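Participant: Okay, here's the structure, questions in a sec.
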Amino acid sequence: MSTPVHLRILGALFRRFLSLGVLAILGLTGLPPVRAADTNSWTATLAEAQGQTVYWNAWGGDDRVNAYIAWAGVEAKKRFRIEVRHVKLGDTAEAVSRVLAEKAAGKDVRGSVDLIWINGENFSAMKQHGLLHGPFVDRLPNFRWVDTDNKPTLVDFTVPAEGLEAPWSMGQFVFLRESRRVPDPPRSAAALLAWAKVNPGRFNYPQPPDFTGTTFLKQVLLELAQDRSALCRPVEEAQFAEISAPLWDYLDELHPVMWRNGRVFPANGPAQTRQLADGEIDIALSFSPEAASSAIESGQLPDSVRTFVWKGGTIANASFLAIPFNSRAKSGAMVLIDFLLSPEAQARKADPRHLGSLTVLDVDKLSPADQAIFKALPKGKATLSPEELGTPLPEPHPYWMDRLEKQWLTRYAAGR
Amino acid sequence: MLRLFPPLAVVLLVGPVLAGLAGTLLPAFDYLPVLGHRAAGLQAWTQLLELPGLRTSVWLSLSTGLVTTILSVLLVVLLCAAWHGTRAFAAMEAWLAPLLSVPHVTVALGLAFLISPSGWIMRCLSPWLTGFSQPPDWRIIQDANGLSLMFGLIAKEAPFLLLMTLAALGQADGERGSVVARTFGYRPMIGWLKAVFPRVYPQIRLPVLAVLAYGVSVVDVAMVLAPTTPAPLAVRVVKMANDSDLNLRFIASAGAMLQCALVLGGVLFWWMLERTVRWWGNRWITTGWRGGRESIPRWIASVAGATLGLAVIFGLLAMAVWSVATHWRFPAAIPAGLTSANWKLHASGVTDAVWNTLSLAVCTTAFSLILSVGVLEFEAATGRRTALSKVGLLYVPLVLPQVAFLFGAQVLLALSRLDGEWIALAWLHLVFVFPYVFLALADAYRAWDERYRRTGLCLGASPLRVLLRIKLPMLLRPIAAAGAVGFAVSVGQYLPTLFAGAGRFPTLTTEAVALSAGGDLRSVGIYAMLQMALPLAAFALALAAPAWCFRHRRGMHVIR
């Protein structure tokens, strides 16, 4: 037991990678410089993209994300003459199911989705059913700035991206607390349970299959599981029951002391943030380490809210942008993605005054001028430093997400 | 030419419903060749029955629909019996149309904020009265029995039934029936119940069934107010239909069929209830009992009606306040400050949604009006009632649960490459807009004095000229009113927009529902405001346009 568990998982991931062949290795060893032929074909792509309308299907539950997408749309129109329409999804699965239905109905061109904000089980499903255009990622000029060494930008929940999706945003699971009522935050699963027992009705989590809620389940399971390495692959049903047992025991104990006795759950992260703002609860969850600062900035949360993480580390992942196989604006989508990967767009995204989510770029690789922009970004008062943010834990295999969600529904959403 | 209208209306209206129903029914029995299923088996049904919490979902749907309908009907009957013919009643009538024009989900959002433990009522009472400095952990909304859902539905359905009853009262000569009963010594309420209600009820029967069906299969309001562990059946069916696991579609189809069965079951229950009430009522009427003190039921009716009305109004007011709030935290009774920043932030997204909403509503309403006039004109010319108005065909889209045929309609649209096209979306809106427009217009249209036509024809005008120069201008007021109703119906459509639009045509309603799940009440407030403002503007226009058009015609002035 000398190596920490998460390093062993990373090691396992790396071995998976090596077996994936040339493409992935190319990605890992850093990108080759942009060649002349690539430049030409990119010029052609830029030309083709002009006048296209890109229907960007992205989860629409967060106002600041929506505002950022709207900004990107205005810029794309100005710079590339691309029209961007944000299709606000309640759940990314809606768009996946639409593309899948289109494929089933034989609609191989003129599909209704051009660009999709995606990760995890949705990507895995699209990849598995051959619903994605590409690989296209190494054609994007701005991809060379992406940090492929230290950030999980080439694997998505253990599934290799293989150039079918471009990393867009980094997330790490964090907890928000009302510091006036939670001066000494509970920094582990066990501590949270103990805290909830002393403060009944003051904690909840979004209802799975909402991704923040499901991430809470995975986070607890990662902490309580005997053998974490089992989580990076699908397992047999009997094994699932055995490995997940500590999670259900934990929830059985937690739910009675939760908000509304664990019978009502907020619909998603933003709904939970609203409850934190209204004082319904004292601890909330988020996938964005800058969420608290950014919500304080916009007046949504009181400025006494602070961020904390668990001592054993929290789940980190990237979210991606992908293009469906039947998109009618593939060039437009690619040009838009490339713009979103530019230092300028990424810096705005990282700015807590706008969105405040971690960049996928390797800031050290950027030009001095661009580096300066990133260095000048204000740090919100509720944002943790990289050291305080602690160890990022890799996402379990999508299998676990699916199974945990189903099992949760059976156990806690089946009524009396 | 006129002959074409009735069949056209039937095809446009019933066609998609039947085709959609078939498109839902077949996958329920595991038949959907595009996904490689040709089995025709019962697999989907066994999987449906194994869904965790299915029984609770079913019970929740049924009880919601039945309780909502029973209480709405009771309230309307009490209100009419107690106040029909009074000045207060006439004042209330004026409030009905605007109240009705507000989409269901807007009302639900307002109510949710009003009554929740951290809501406006509690904010006004805390901490000086309640002692709460943080909201209490009470399960008021999303309660396990769906009481808050029922409350939200009654707040919308009772006004609808009231309006229908008022229309029926005019036809059933309620006023004079009431007077005669009173001269026989009956107390006013008992007299109304015994002499007027039996004649009114047959006419509001179909609207009552529409309310029942809506309550059993409601989705958008349920997403705001219903419990989620588990949710009512219709909500779960919609979720399954939109899942990335396509195998769930078969279960969703079976679920949609189960939803149909629930509505049928509800209707059956209602039918038995009607028989019981009729049997008992006939004996009661013939006892000759003149009634006693009526102050208590009168008081109950007024308090219940006023509570609902005020709850809706204050809920909507709260949304208006939210849309301009800087921040507004518990237990502050009013926001910390007011700002226009929220509106500016949403300006671009709102423009799109408003444009989509407007274009859909205007086009479908206009087309529905033309279609309705065509059908009614055919009826006037031939003196026959068409199948549309005779057998209640109009109510088919209103009584059948939306999920049962929208889901199939979506598959068919995908196969015909029409999904995500504006025309498909407009068509589905038409299916729901046309019945309301037709119903709203029919009575006034049929009541038009035929002698004007004959006079016109005798003076040498062609039938078309008579229609365009005499009849339609004279009927401008009811036509405008019917148009406003159709407009409001289109604005409020949630599921049809979601299913046929492929996400490409966000409307105010789909955006409001999407935002209501999470986000900021400030943005929800903005969409709720607009959602309310558009239909209200349509109603205002419906009042103003005829007045302006006839400003130089003394005989056409509104007499009040």
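The values are calculated or read from the model by the stated rules, or taken from the named source; none is laboratory data. Just so you know, these numbers come straight off a predicted model, no measurement behind them. When we count neighbours, we look across all protein chains shown, and the Cβ atoms used for this are built from the backbone with ideal geometry, even at glycine.
Participant: Just give me the residues in the stretch A:182-222 being acidic (Asp, Glu) and either surrounded by 21 or more Cβ atoms within 10 Å (Cβ to Cβ) or closer than 20 Å to A:Gly90 by Cβ (or both), in sequence order. Reasoning before the result, please.
Facilitator: Initially, the stretch A:182-222 is screened for residues acidic (Asp, Glu), giving A:184, A:210.
Passing the criteria: only A:Asp210.
Participant: Can you find a residue that is in a loop (DSSP other than H, G, I, E, B) and under 30 Å from B:Phe378 (Cα atoms) anywhere in the stretch B:47-62?
Facilitator: Here is the first cut: in the stretch B:47-62, the residues in a loop (DSSP other than H, G, I, E, B) are B:50-53.
Okay, now just the ones that are also under 30 Å from B:Phe378 (Cα atoms), so none.
No, the stretch B:47-62 contains no residue that is in a loop (DSSP other than H, G, I, E, B) and under 30 Å from B:Phe378 (Cα atoms).
Participant: Any residue in the stretch A:106-127 that is more than 10 Å from chain B (Cβ to nearest Cβ) and more than 24 Å from A:Ala49 (Cβ to Cβ) sitting within a Cβ distance under 8 Å of a residue that is assigned to a loop (DSSP other than H, G, I, E, B) and among the aromatic types (Phe, Trp, Tyr)? List the pairs, counting only those 6 or more apart or interchain.
Facilitator: A:Asn119/A:Phe157; A:Gly120/A:Phe157
Participant: Select from the stretch B:108-123 the residues that are within 11 Å of B:Ile141 (Cβ to Cβ) and over 27 Å from the mean Cα position of the chain (by Cα) and list them in ascending order.
Facilitator: Result: B:Pro117, B:Ser118.
Participant: Out of the stretch A:255-276, which residues are out of contact with any Asp or Glu (no Cβ under 9 Å at 6 or more places or on another chain) and more than 9 Å from every other protein chain (Cβ to nearest Cβ)?
Facilitator: Those that are out of contact with any Asp or Glu (no Cβ under 9 Å at 6 or more places or on another chain) and more than 9 Å from every other protein chain (Cβ to nearest Cβ): A:His255, A:Pro256, A:Val257, A:Met258.
Participant: Hey, can you tell me all the residues within the stretch B:413-447 that are aromatic (Phe, Trp, Tyr) and more than 14 Å from chain A (Cβ to nearest Cβ)?
Facilitator: Of everything in the stretch B:413-447, those that are aromatic (Phe, Trp, Tyr) and more than 14 Å from chain A (Cβ to nearest Cβ) turn out to be B:Trp427, B:Phe432, B:Phe434, B:Tyr436, B:Phe438, B:Tyr445.
Participant: Could you tell me how many of the residues in the stretch A:64-80 are facing chain B (nearest Cβ under 10 Å) and either buried (at least 23 other Cβ atoms within 10 Å of the Cβ) or without any contact (Cβ under 8 Å) to a residue 24 or more places away in the chain (or both)?
Facilitator: Of the residues in that region, 6 qualify.
Participant: While we're here: Take B:Ser244 and decide whether it is buried (at least 20 other Cβ atoms within 10 Å of the Cβ), of a type in the set (Ser, Thr, Tyr) and modelled with pLDDT under 90.
Facilitator: yes
Participant: Right, something else. List the residue pairs whose Cβ atoms are under 7 Å apart, where the first residue sits in the stretch B:130-156 and is over 16 Å from B:Thr69 (Cα atoms), the second is acidic (Asp, Glu), and the two are 6 or more positions apart or on different chains.
Facilitator: The qualifying pairs are B:Pro135/A:Asp278; B:Pro135/A:Glu280.
Participant: Please determine whether any residue of the stretch B:255-269 is closer than 15 Å to B:Pro52 by Cα, out of contact with any Ser or Thr (no Cβ under 7 Å at 6 or more places or on another chain) and crowded, with 19+ Cβ neighbours inside 10 Å.
Facilitator: yes
Participant: Give the residue, chosen from B:Ala409, B:Ala404, B:Ala414, B:Ala442, that is touching a Cys at 6+ places or on another chain (Cβ under 7 Å) and surrounded by 17 or more Cβ atoms within 10 Å (Cβ to Cβ). Lay out the reasoning, then the answer.
Facilitator: Values: B:Ala409 fails: touching a Cys at 6+ places or on another chain (Cβ under 7 Å); B:Ala414 fails: touching a Cys at 6+ places or on another chain (Cβ under 7 Å); B:Ala442 fails: touching a Cys at 6+ places or on another chain (Cβ under 7 Å).
Among B:Ala409, B:Ala404, B:Ala414, B:Ala442, only B:Ala404 is touching a Cys at 6+ places or on another chain (Cβ under 7 Å) and surrounded by 17 or more Cβ atoms within 10 Å (Cβ to Cβ).
Participant: Could you check, for the stretch A:51-62, whether at least one of its residues is at the interface with chain B (Cβ under 9 Å from one of its Cβ atoms), in a helix (DSSP H, G or I), under 20 Å from A:Phe287 (Cα atoms) and not aliphatic (A, V, I, L, M)?
Facilitator: Restricting attention to the stretch A:51-62, the residues satisfying the condition of being at the interface with chain B (Cβ under 9 Å from one of its Cβ atoms) are A:55, A:57, A:60-62.
This time we only want the ones that are in a helix (DSSP H, G or I), so: none.
Checked the stretch A:51-62: no residue is at the interface with chain B (Cβ under 9 Å from one of its Cβ atoms), in a helix (DSSP H, G or I), under 20 Å from A:Phe287 (Cα atoms) and not aliphatic (A, V, I, L, M).
Participant: Looking at B:Ala231, B:Ala256, B:Ala222, which is the one that is within 24 Å of B:Leu147 (Cα to Cα), of a type in the set (Gly, Ala, Ser) and in a loop (DSSP other than H, G, I, E, B)?
Facilitator: Working: B:Ala256 fails: in a loop (DSSP other than H, G, I, E, B); B:Ala222 fails: in a loop (DSSP other than H, G, I, E, B).
When all the criteria are applied, what remains is B:Ala231.
Participant: If you take the residues in the stretch B:120-136 that are surrounded by fewer than 17 Cβ atoms within 10 Å (Cβ to Cβ) and not aliphatic (A, V, I, L, M), which one is farthest from B:Ser61 (Cα to Cα)?
Facilitator: Top of the filtered list is B:Trp128.
Participant: What residue, among those in the stretch A:301-321 that are among the β-branched types (Val, Ile, Thr) and not in a loop (DSSP other than H, G, I, E, B), is surrounded by the fewest Cβ atoms within 10 Å (Cβ to Cβ)?
Facilitator: Looking only at the stretch A:301-321, we keep the residues that are among the β-branched types (Val, Ile, Thr), and these are A:305, A:307, A:309, A:314-315.
So of that shortlist, the ones also not in a loop (DSSP other than H, G, I, E, B) come out as A:305, A:307, A:314-315.
On the way: A:Val305: 25, A:Thr307: 24, A:Thr314: 24, A:Ile315: 20.
By that ranking, first place goes to A:Ile315.
The rows are residues; the columns are (1) within 14 Å of chain B (Cβ to nearest Cβ); (2) surrounded by fewer than 21 Cβ atoms within 10 Å (Cβ to Cβ); (3) in contact (Cβ under 8 Å) with a residue 40 or more places away in the chain.
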residue: A:Glu344; (1), (2), (3): no, yes, no
residue: A:Thr359; (1), (2), (3): no, no, yes
residue: A:Ala372; (1), (2), (3): no, yes, no
residue: A:Glu405; (1), (2), (3): yes, yes, yes
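Participant: Check the stretch B:336-359 and report whether any residue there is away from chain A (no Cβ under 13 Å), over 30 Å from B:Gly483 (Cα atoms) and surrounded by fewer than 16 Cβ atoms within 10 Å (Cβ to Cβ).
Facilitator: Yes: the stretch B:336-359 contains one or more residues that are away from chain A (no Cβ under 13 Å), over 30 Å from B:Gly483 (Cα atoms) and surrounded by fewer than 16 Cβ atoms within 10 Å (Cβ to Cβ).
Participant: Let me ask you something else. List, please: which pairs have Cβ atoms under 7 Å, are six or more places apart or on different chains, and start with a residue in the stretch B:8-25 that is closer than 15 Å to B:Pro401 by Cα and end with one that is at pLDDT 85 or above and not in a helix (DSSP H, G or I)?
Facilitator: B:Val17/B:Leu400
Participant: Restricting attention to the stretch A:277-294, which residues are in contact (Cβ under 8 Å) with a residue 24 or more places away in the chain and at the interface with chain B (Cβ under 10 Å from one of its Cβ atoms)? Spell out the reasoning first.
Facilitator: Filtering the stretch A:277-294 for residues in contact (Cβ under 8 Å) with a residue 24 or more places away in the chain gives A:277, A:279, A:281-294.
The answer is A:Ala277, A:Gly279, A:Ile281, A:Asp282.
Participant: I would also like to ask the following. Within the stretch B:29-45, is there a residue that is among the charged types (D, E, K, R), surrounded by fewer than 16 Cβ atoms within 10 Å (Cβ to Cβ) and under 27 Å from B:Pro230 (Cβ atoms)?
Facilitator: Pass one, the stretch B:29-45, residues among the charged types (D, E, K, R): B:30, B:38.
So of that shortlist, the ones also surrounded by fewer than 16 Cβ atoms within 10 Å (Cβ to Cβ) come out as B:38.
With under 27 Å from B:Pro230 (Cβ atoms) added as a condition, the list becomes none.
Checked the stretch B:29-45: no residue is among the charged types (D, E, K, R), surrounded by fewer than 16 Cβ atoms within 10 Å (Cβ to Cβ) and under 27 Å from B:Pro230 (Cβ atoms).
Participant: So which residues in the stretch A:283-297 are part of a loop (DSSP other than H, G, I, E, B) and crowded, with 22+ Cβ neighbours inside 10 Å?
Facilitator: At the first step, the residues of the stretch A:283-297 found to be part of a loop (DSSP other than H, G, I, E, B) are A:287-290.
A:Ser288, A:Pro289, A:Glu290 - these are the residues of the stretch A:283-297 that are part of a loop (DSSP other than H, G, I, E, B) and crowded, with 22+ Cβ neighbours inside 10 Å.
Participant: Which members of the stretch A:96-105 meet the condition of being more than 7 Å from every other protein chain (Cβ to nearest Cβ) and among the hydrophobic types (A, V, I, L, M, F, W, C)?
Facilitator: Looking only at the stretch A:96-105, we keep the residues that are more than 7 Å from every other protein chain (Cβ to nearest Cβ), and these are A:99, A:103.
The answer is A:Val99, and nothing else.
Participant: Scan the stretch B:75-114 residue by residue and report those that are within 14 Å of chain A (Cβ to nearest Cβ) and either surrounded by fewer than 19 Cβ atoms within 10 Å (Cβ to Cβ) or of a type in the set (Val, Ile, Thr) (or both).
Facilitator: Hit for the stretch B:75-114 is B:Val105, nothing else.
Participant: Quick check on my filter: what residues within the stretch B:234-270 are among the aromatic types (Phe, Trp, Tyr) and either within 14 Å of chain A (Cβ to nearest Cβ) or farther than 15 Å from B:Leu62 by Cα (or both)? Spell out how you get there, then give the answer.
Facilitator: Narrowing the stretch B:234-270 to residues among the aromatic types (Phe, Trp, Tyr): B:250, B:269-270.
Passing the criteria: only B:Phe250.
Participant: Based on what the data block shows, is B:Leu428 over 23 Å from B:Pro473 (Cβ atoms) and at pLDDT 90 or above? I'd like the intermediate steps shown before the answer.
Facilitator: Numbers: over 23 Å from B:Pro473 (Cβ atoms): yes; at pLDDT 90 or above: yes.
Taking the combined requirement at face value, the residue satisfies it.
Participant: On to the next question. Would you confirm whether or not the stretch A:310-327 contains a residue that is within 12 Å of another protein chain (Cβ to nearest Cβ), farther than 30 Å from A:Val99 by Cα and in contact (Cβ under 8 Å) with a residue 40 or more places away in the chain?
Facilitator: No; the residues of the stretch A:310-327 include none that is within 12 Å of another protein chain (Cβ to nearest Cβ), farther than 30 Å from A:Val99 by Cα and in contact (Cβ under 8 Å) with a residue 40 or more places away in the chain.
Participant: Tell me which residues, restricted to the stretch A:81-93, are over 17 Å from the mean Cα position of the chain (by Cα) and either within 8 Å of chain B (Cβ to nearest Cβ) or surrounded by fewer than 21 Cβ atoms within 10 Å (Cβ to Cβ) (or both). Explain how you work it out, then say what you get.
Facilitator: Taking the stretch A:81-93 as the starting set, the residues that turn out to be over 17 Å from the mean Cα position of the chain (by Cα) are A:81-87.
Matches in the stretch A:81-93: A:Arg81, A:Glu83, A:Arg85, A:His86, A:Val87.
Participant: Considering only residues that are more than 22 Å from B:Phe151 (Cβ to Cβ) and not acidic (Asp, Glu), which ones fall in the stretch B:44-82?
Facilitator: Of the stretch B:44-82, the ones more than 22 Å from B:Phe151 (Cβ to Cβ) are B:44-55, B:81.
Result: B:Ala44, B:Trp45, B:Thr46, B:Gln47, B:Leu48, B:Leu49, B:Leu51, B:Pro52, B:Gly53, B:Leu54, B:Arg55, B:Ala81.
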